[in-house]
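A.B. asks: After the structure tokens below, expect a handful of questions from me.
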Amino acid sequence: MNTTDTERRLRALLGAIAPDADVGALPADADLREELELDSLDVQRFVAAIDAELDVAIADREIPGLRTLADVARRVEAAAGEVPR
Amino acid sequence: MRADVERAAGAALAAAAVTPPAVSAAATRPAAPVPPSGNGDHRAAMRQTIAAAMSRSKREIPHYYLATTIDLGAATAWLGERNAQLPPAERLVPAALLLAATARAARAVPALNGHWVDGSAQPAAAVHLGVIVSLRGGGLVAPVIHDAGEAGPAALMATLGDLVARARGGGLRASELAGATITVSNLGERGAEQVFGVIHPPQLALVGFGAIRDRPWAVGGDVVVRPLVSATLSADHRASDGPQGSRLLAEIDRLLQRPEEL
């Protein structure tokens, strides 16, 4: 997966969690929680969807540091180099 | 046709907002889906529904308000340890513990769980927890977790996640908006520190939680930093008095000090 693919897939997952937000217009470097008005439950569901769909398990302690779509995409791509679970 | 659908949706929300659940037929009728909430007409109808319910509340219900601060140190520590061992889909957020504690506490104080009908309080046998969900772009809905007093935090969180997704995307059934016996307003991590809510008629009370923040707190004579949350109660003074309201908040606090038992 390249960055474009990863961001596209992440946008699709976000779109399912925030169907009333314009995820397509979200800049990759914008604060996800602020721009999409995500609460903790939304964020938790996003992390669960990433695990289910992209097979990348993000730890709870990492979540506060992932502010933007670009942050999440980098984290997902970094996992592509890890040993599969 | 579209206007008819929108009127029906508005009516469904209105019924949920202002009809006493005890006498509402909505829960037993075949459920009509509530369409997506993105269009302007629907937003206007929702605003009118909220306006009617909140005006009725402030006109009819003599509110009293209580507040307490709860140390969530034990709850967040337990949550952190639990989540570290589980895949993302099984992890909990603090809000799940707040809802579980509120539902359990409401069972213990019946004067705050139920409805005001025909001039008297009618305590409910079960706890059906209304949860206020804010919609992007304005407005709110309050889907109901039925029999929440019996459910643990994991079950509550799964149900809530499903209800929130459908509240925002459309597709809530009328039955899922009706029948709450008490409502929770949880502002979440980006919210203000306290909320004193307006009771959803004909319910008897509303519990509010502000954002969880690290703050100084006295423990055993020392000042330490703890994650604190403000828990508030708005209650109907026709049905209960301060001591009962205080008991509900104290019970929520007590339960949150033993999160493993929730």
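The values are calculated or read from the model by the stated rules, or taken from the named source; none is laboratory data. Not measured: the values here are computed from a predicted model. Cβ sites come from the backbone with ideal geometry, for glycine too, and all protein chains shown count toward neighbours.
A.B. asks: For the subset of region A:36-50 comprising residues that are closer than 16 Å to B:M157 by Cβ and facing chain B (nearest Cβ under 7 Å), which member is nearest to the chain's Cα centre (by Cα)?
C.D. replies: Among those that are closer than 16 Å to B:M157 by Cβ and facing chain B (nearest Cβ under 7 Å), it is A:V47.
A.B. asks: Would you point out which residue out of B:E150, B:E189, B:E176 is under 24 Å from A:E35 (Cα atoms), charged (D, E, K, R) and out of contact with any Gly (no Cβ under 8 Å at 6 or more places or on another chain)?
C.D. replies: Just one listed residue meets the conditions, B:E189.
A.B. asks: Please verify whether B:R59 is assigned to a helix (DSSP H, G or I), farther than 19 Å from B:R247 by Cβ and more than 13 Å from chain A (Cβ to nearest Cβ), treating the condition exactly as stated.
C.D. replies: yes
A.B. asks: For region B:116-124, indicate whether the set of residues that are more than 13 Å from chain A (Cβ to nearest Cβ), surrounded by 23 or more Cβ atoms within 10 Å (Cβ to Cβ) and part of a loop (DSSP other than H, G, I, E, B) is non-empty.
C.D. replies: No, region B:116-124 contains no residue that is more than 13 Å from chain A (Cβ to nearest Cβ), surrounded by 23 or more Cβ atoms within 10 Å (Cβ to Cβ) and part of a loop (DSSP other than H, G, I, E, B).
A.B. asks: Inside region B:133-154, can you point out the residues that are among the hydrophobic types (A, V, I, L, M, F, W, C), within 14 Å of chain A (Cβ to nearest Cβ) and under 29 Å from B:A111 (Cα atoms)?
C.D. replies: B:V133, B:L140, B:V141, B:I145, B:A154
A.B. asks: Working only within region A:1-32, note down all residues that are closer than 20 Å to A:A79 by Cβ, acidic (D, E) and loosely packed, with under 13 Cβ neighbours inside 10 Å.
C.D. replies: A:D5 - this is the single residue of region A:1-32 that is closer than 20 Å to A:A79 by Cβ, acidic (D, E) and loosely packed, with under 13 Cβ neighbours inside 10 Å.
A.B. asks: Return the pairs, sorted by first residue and then second, in which the second residue is part of a strand (DSSP E or B) and charged (D, E, K, R), the first residue lies in region B:217-228 and is more than 12 Å from B:I70 (Cα to Cα), the beta carbons are less than 6 Å apart, and the residues are 6+ apart or on different chains.
C.D. replies: So the pair list comes out as B:V225/B:D214.
A.B. asks: Ok, one more. Looking only at region B:160-197, count how many residues are part of a strand (DSSP E or B) and either without any contact (Cβ under 8 Å) to a residue 60 or more places away in the chain or within 14 Å of another protein chain (Cβ to nearest Cβ) (or both).
C.D. replies: Total meeting the criteria: 4.
A.B. asks: Of the residues that sit in region A:54-65 and are touching a residue at least 12 places away in the same chain (Cβ under 8 Å) and in contact with a helix residue (DSSP H, G or I) (Cβ under 6 Å, 6 or more places away or on another chain), which one is nearest to B:A77 (Cα to Cα)?
C.D. replies: So the residue we want is A:I58.
A.B. asks: Still on this model: So for region B:166-179 (the condition being in contact with an Asp or Glu (Cβ under 9 Å, 6 or more places away or on another chain) and modelled with pLDDT of 95 or more), does at least one residue qualify?
C.D. replies: No.
A.B. asks: If you don't mind, another one. Return the pairs, sorted by first residue and then second, in which the second residue is in a strand (DSSP E or B), the first residue lies in region B:105-116 and is among the hydrophobic types (A, V, I, L, M, F, W, C), the beta carbons are less than 7 Å apart, and the residues are 6+ apart or on different chains.
C.D. replies: B:A106/B:I182; B:A111/B:A121; B:A111/B:P123; B:L112/B:I182; B:L112/B:A205; B:L112/B:A235; B:W116/B:D236
A.B. asks: Give the residues of region B:72-98 that are more than 7 Å from chain A (Cβ to nearest Cβ) and in contact with a strand residue (DSSP E or B) (Cβ under 6 Å, 6 or more places away or on another chain), sorted by residue number.
C.D. replies: B:L72, B:G73, B:T76, B:L98
A.B. asks: Yes or no: B:G130 surrounded by 17 or more Cβ atoms within 10 Å (Cβ to Cβ), more than 25 Å from B:R59 (Cβ to Cβ) and away from every other protein chain (no Cβ under 11 Å)?
C.D. replies: no
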